[in-house]
1. Under the definition of partner shielding as Cβ atoms of other protein chains within 10 Å of a residue Cβ, what is the mean value for peptide B:17-24?
2. Compute the angle between helix A:83-94 and the longest alpha-carbon principal axis of chain A, please, reported from 0 to 90 degrees and rounded to the nearest 10.
3. Within 10 Å of each Cβ in peptide B:225-237, how many partner chain Cβ atoms are there on average? Round it to a whole number, please.
4. If a/c stays under 1.5 just call it rounded; otherwise compare a/b with b/c (prolate if a/b is bigger, oblate if not). Do that for chain A, with a ≥ b ≥ c from the square roots of the Cα gyration tensor eigenvalues.
5. So what's the Cα pair-distance distribution over chain B, bin width 10 Å, in %?
6. Would you mind calculating the gained length between residue B:171 and residue B:80 on full extension (0.36 nm times residue separation, minus the Cα-Cα distance), in nm to one decimal?
7. Determine, for A:272, B:161, the number of other Cβ atoms within 10 Å of each Cβ, and report the residues in order from fewest to most.
8. Take the alpha carbon atoms of segment B:46-117, find their center, do the same for segment A:94-122, and report the distance between the two centers in whole angstrom.
């Protein structure tokens, strides 16, 4: 009964009614952990699962698993990126018998998820966005992500056609590689329409700070940006504030068009249902889960919101053309000659990084034309 | 949309606009806390009241379609939280700070629980008055869109400042806050006065929450407050329990908070984390500048548990 001493708050609450059940639960570990026809899958979200954004996109994916025979889904929302997430994972394993866990937020990976991987070698963990590396990380860990930068490139194409001031705005949370790739892709998409377009970026420093996001949006509009997009957990505030100020918006994570039907151009959305279904099918079939999963528009990991009423014919045509090219595969957003906004060459003439290039996942620069700084 | 280049003028304009837009919750919560603390109690639970008020206002506005009913409901909910705090604290051996922390967690948790179905729907916004009509620059017009609650808050600060000095009710609150014994000698019941003062404080905090969810940023999410209620409680000490000081401090906080995004928008992009710390650095500087060993915590009510 050494398990008793590893229990977290949540465990205690759940087991306080029947202490005896604890013994039963620990005794049943080996059975529920085995890759049998019945399995429990755990999802952990950093915010509320109906936030019109990042967490909603994951929760919608998780919801599609609930109808699958023999699969039960457990979820916990508002779990901070601290030792709390370790406790959540422990209780999902110990009490709910989860054999596959998806900690969906960036900060869950290191050290929290890796600690749990070492502690529960029979449980599979797949992290969203992390860089799983065969040499560094255990085999029961893994990561998955989608090439949503392509979606931001398409956002940029439509924004480039729609903008009259030739200034775009981007409200970003933190300067991590995925965010930087989105900002760069958005601008490069717009520059494929008009190479004089610039994009102003404002970092808020946190994934979810409603008041600061609203202030950032106002500041961008004040400086003349007339198409705004963002990379924060919940784009709701940015979309509503920008539309309220008369600017157009491109969405992110999920479809926000109901929030601003007239001003919403298009948006880059996740399609996690496809990814989660894939993992669970492997789990049910008993085949080993892949450790490193990536996919883009062509693989169905990412999709675009339907184009809004303000999108013109020229924009529509280029959008469709670019999308078709991306679906063929091998499309590169970052291609030479290209400099960073500090003047450093990031791609030489003839050099191109396709969406699958691992270099893109350690991006630490903003390209020429983006007004902003990574620190 | 008219695109007018305002360049660097964007920074002072953003600070002004930010002061008006962001300060209102700080104003209401800190005025409420000032009343409570002047009566000799500290209610740290106002963060929870703020969040619960935001949820209540949004929910009522969604259901009834009237933002003003939402504000009223938020004030009512805040009143209940305040009265509950005031009632518990009258018992012997009860620590008002501990109860406040408990109520802070309780209020937030209850708001998350009841607020789930209201994250997605859109509620009608509170009206704003356009004071920027004289200018033909759209940015100025946008910055001078002043919400009615901000004006009410400003008037309330002025009224409270006057009332604490010049009315019988103000005197009673101050006497109870400075010395329970003196209040009893005057035939006053300190517990009743504190109960009412905490209730009013809670109601004001509820209204502050209504501003958050119904005007700026104008939607109900669980992260809507990000600690503003706690900051406002700290502002009261910073403002030396003076309602006008609370108003000024709230403006300062709102304006300083807008500095980070505004500087980035004009291209000052290095070190934005430092600019985001601006409100706190300002607080520290002013606290250091205004403190002195001979008159520390001037104006502090004598019955406050932190000064006793």
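No lab work stands behind these numbers, since they all come straight from the coordinates. From a predicted model like this one, the values you see are computed outputs, not experimental measurements. Cβ coordinates were reconstructed from backbone atoms using ideal geometry, including for glycine residues, and neighbour counts include every protein chain displayed.
1. Neighbouring Cβ atoms belonging to other protein chains average 2 per residue here.
2. Between the helix axis and the principal axis of chain A, the angle is about 50 degrees.
3. Mean shielding by partner chains, rounded to a whole number: 1.
4. Prolate shape, in that a/c is at least 1.5 and a/b is the bigger ratio.
5. Percent of Cα pairs in each bin: 7, 26, 33, 23, 9, 2, 0.
6. Length gained between residue B:171 and residue B:80: 30.3 nm.
7. Ordered by Cβ neighbours within 10 Å, fewest first: B:161, A:272.
8. 36
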